[in-house]
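The values are calculated or read from the model by the stated rules, or taken from the named source; none is laboratory data. Quick caveat: nothing in here was measured; it's all calculated off a predicted structure. We place every Cβ from the backbone using ideal geometry, glycine too, and count neighbours over all the protein chains shown.
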Amino acid sequence: MFFLFKYIDEFIGKGFEWYTILEIMMYQSAVNVAMALPLAILLSSIMTFGTLGENYELVAIKSVGISLQKAMRPLFIIVISLSIASFLFSDYMLPKANSKYYSLLYDMRNKKLSFLIKPGVFNTSVSNYAIKVESKGIMNPDSLFGIMIYDHTNVSGVPTLILAKKGRMIKTEDGNVMILKLADGVRYEESKGNGSAAYNPRQALTRMRFKETEVKLDFSSFTDFNRTEEGKFNDNAPMLNLKGLVKRADSLNKTIDSLNKVTKLNASSYYKQNNYVKGYTKIKSVAKRINGDVINAIPKKDRATTIQNAIDQTLTLQQVINNRMIEYDLKQKEILKSDIEFQRKFTLAVSCLLLFFIGAPLGAIIRKGGLGLPVVIAVVFFLVYHIISTVAEKSVKEGALHHVFGMWMAVIVLTPLGAFLTYKATVDSAIFDIDYYKQLIVSLFKKVSGMGRAAKIEQSN
């Protein structure tokens, strides 16, 4: 639903075939399995055991000597199978789905002119033209308003400027030409003037007003929806399996090591302590000792030049180091992305097990089936899990947490809760029984009121 809310207005009515939209939705649904599968296991386990408890089937099971843990074993085996399948899915299928999804999304964003034209932004997808519009039609996206076109097809090198209040895009039958029908506008043309000089002050500016005109754009490159090779995106972390992530991290570490060596070599070349004549002369000179400030050892006439040279070299060295640090930080972030994706493939499988051990005891405790209370409780617990995992992952990306600890934060926090709920369900705890809390509150009020009456009797005596 988030994908539809984000892209539906940009895909529908933009000339894409229906099967292309269904294809990208299918790839996006595969990407969302990491969020949907744990929630599905949590909700289904609550509903299953809630229905068993509501129909007193758990009571019957326990009455014949079968504990809750034994009753959970068949479903536990199924959840283990789902966890293994989710791990294999995230390691083999999800990287391919990510690769196909991002390559198709890239093509859809770059192969359709009506999709690319956004209000307030210059579009240069058509060669020799720069197009900008203030707004587009709500019902008909091919209607444009506040049009500005820079035409660079003039051989003189001076662009032609076209301004129009409104216009409409029409494609020819063969699809090779896009016709922009413009209305109520002005056309500005500027010539270089006569003469072979590079600059001629006697230039001519022509201004033409029009009620209607047409601008023909070469649309042949947009006719065929050519697909980008998926290998173009395969170097990104979400498109790799475990083996590829390890290889990518090793390659980035080697690149960082090489970068450090090159930076050290370049930085050392700025120091005068380097012995440039080593190996080229046999003359041995005694090291000169300088007492006091180094500047006093330099002749007065050369001090200003020496200080300026030192400042220039220091600034140059600082700039070199800063550039290397930027590149170093980028490589470190890429390594961190690989580490995050590596841990994510394991956390998906473990989270399925964890949420089952939260959902099954919860269903046995609340003893409610159907789509009412179980859905509310499942959404609440899943939001807690999702918020913890999202905040921890952002902390990892910002460098506040180690990637292993951050990616497993939600599992670490909720594991004691799962053990607690399993224990409470085993001993038939009334932790979610509303009647139990009503009786507890009533008894508490009776106790307080009894103490108050006793105190009044003592005061009267």
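So which of ILE311, ILE340 is surrounded by fewer than 21 Cβ atoms within 10 Å (Cβ to Cβ), modelled with pLDDT of 85 or more and closer than 28 Å to MET409 by Cα? Can you show your working first?
Numbers: ILE311 fails: closer than 28 Å to MET409 by Cα.
Of the residues listed, the single one that is surrounded by fewer than 21 Cβ atoms within 10 Å (Cβ to Cβ), modelled with pLDDT of 85 or more and closer than 28 Å to MET409 by Cα is ILE340.
Could you figure out which of (1) assigned to a helix (DSSP H, G or I); (2) modelled with pLDDT under 85; (3) surrounded by fewer than 16 Cβ atoms within 10 Å (Cβ to Cβ) isn't true of SER81?
(2)
Do we find a residue being in the same structural domain as GLY359 (by TED's automatic domain parsing), surrounded by 15 or more Cβ atoms within 10 Å (Cβ to Cβ) and not aliphatic (A, V, I, L, M) anywhere in region 29-37?
No: zero hits.
Answer yes or no: is there a residue in region 356-365 that is of a type outside the set (Val, Ile, Thr), touching a helix residue (DSSP H, G or I) at 6+ places or on another chain (Cβ under 8 Å), surrounded by fewer than 20 Cβ atoms within 10 Å (Cβ to Cβ) and assigned to a helix (DSSP H, G or I). Talk me through it step by step, then tell me what you get.
Taking region 356-365 first, the residues of a type outside the set (Val, Ile, Thr) are 356-357, 359-364.
Filter once more, keeping what is touching a helix residue (DSSP H, G or I) at 6+ places or on another chain (Cβ under 8 Å): 356-357, 359-364.
Next, from what is left, pick out any that are surrounded by fewer than 20 Cβ atoms within 10 Å (Cβ to Cβ): none.
Within region 356-365 (the criterion being of a type outside the set (Val, Ile, Thr), touching a helix residue (DSSP H, G or I) at 6+ places or on another chain (Cβ under 8 Å), surrounded by fewer than 20 Cβ atoms within 10 Å (Cβ to Cβ) and assigned to a helix (DSSP H, G or I)), the answer is no, since none of the residues qualifies.
For region 1-36, which residues satisfy the criterion of being small (Gly, Ala, Ser) and modelled with pLDDT of 70 or more?
Applying the first criterion (small (Gly, Ala, Ser)) to region 1-36 yields 13, 15, 29-30, 34, 36.
Residues satisfying the conditions are SER29, ALA30, ALA34, ALA36.
Any idea which of (1) at pLDDT 85 or above; (2) not assigned by TED's automatic domain parsing to the domain that holds VAL350 is the one LEU440 doesn't satisfy?
(1)
For region 287-337, which positions are over 33 Å from the mean Cα position of the chain (by Cα) and among the hydrophobic types (A, V, I, L, M, F, W, C)?
Correct list: ALA287, ILE290, VAL294, ILE295, ALA297, ILE298, ALA304, ILE307, ALA310, ILE311, LEU315, LEU317.
Do we find that ILE46 is assigned to a loop (DSSP other than H, G, I, E, B) and of a type in the set (A, V, I, L, M) in this structure?
Values: assigned to a loop (DSSP other than H, G, I, E, B): no; of a type in the set (A, V, I, L, M): yes.
So ILE46 does not fit the description; no.
So, of the residues in region 106-129 that are of a type in the set (A, V, I, L, M) and crowded, with 16+ Cβ neighbours inside 10 Å, which turns out to be modelled with the lowest pLDDT? Don't jump to the end; show me each part of the working.
The initial filter retains those residues of region 106-129 that are of a type in the set (A, V, I, L, M), namely 108, 113, 116-117, 121, 126.
Adding the requirement that they be crowded, with 16+ Cβ neighbours inside 10 Å leaves 108, 113, 116-117, 126.
Details: MET108: 70, LEU113: 53, LEU116: 58, ILE117: 69, VAL126: 73.
Result: LEU113.
Just one of (1) farther than 30 Å from ILE41 by Cα; (2) at pLDDT 80 or above trips up ALA267, so point out which.
Unmet for ALA267, out of (1) farther than 30 Å from ILE41 by Cα; (2) at pLDDT 80 or above: (2).
Looking at region 68-94, I want the residues that are of a type in the set (Ser, Thr, Tyr) and have a partner that is not in a helix (DSSP H, G or I) with Cβ atoms under 8 Å, at least 6 apart or on another chain. Which pairs are those?
TYR92/ASN241
Among residues belonging to region 379-413 that are touching a Ser or Thr at 6+ places or on another chain (Cβ under 9 Å) and not in a loop (DSSP other than H, G, I, E, B), point out the one that is surrounded by the most Cβ atoms within 10 Å (Cβ to Cβ).
Once the filter is applied, the top-ranked residue is ALA410.
Can you tell me which residues in region 379-431 are without any contact (Cβ under 8 Å) to a residue 40 or more places away in the chain, under 20 Å from ALA36 (Cβ atoms) and among the polar types (S, T, N, Q)?
Selection gives THR390 alone.
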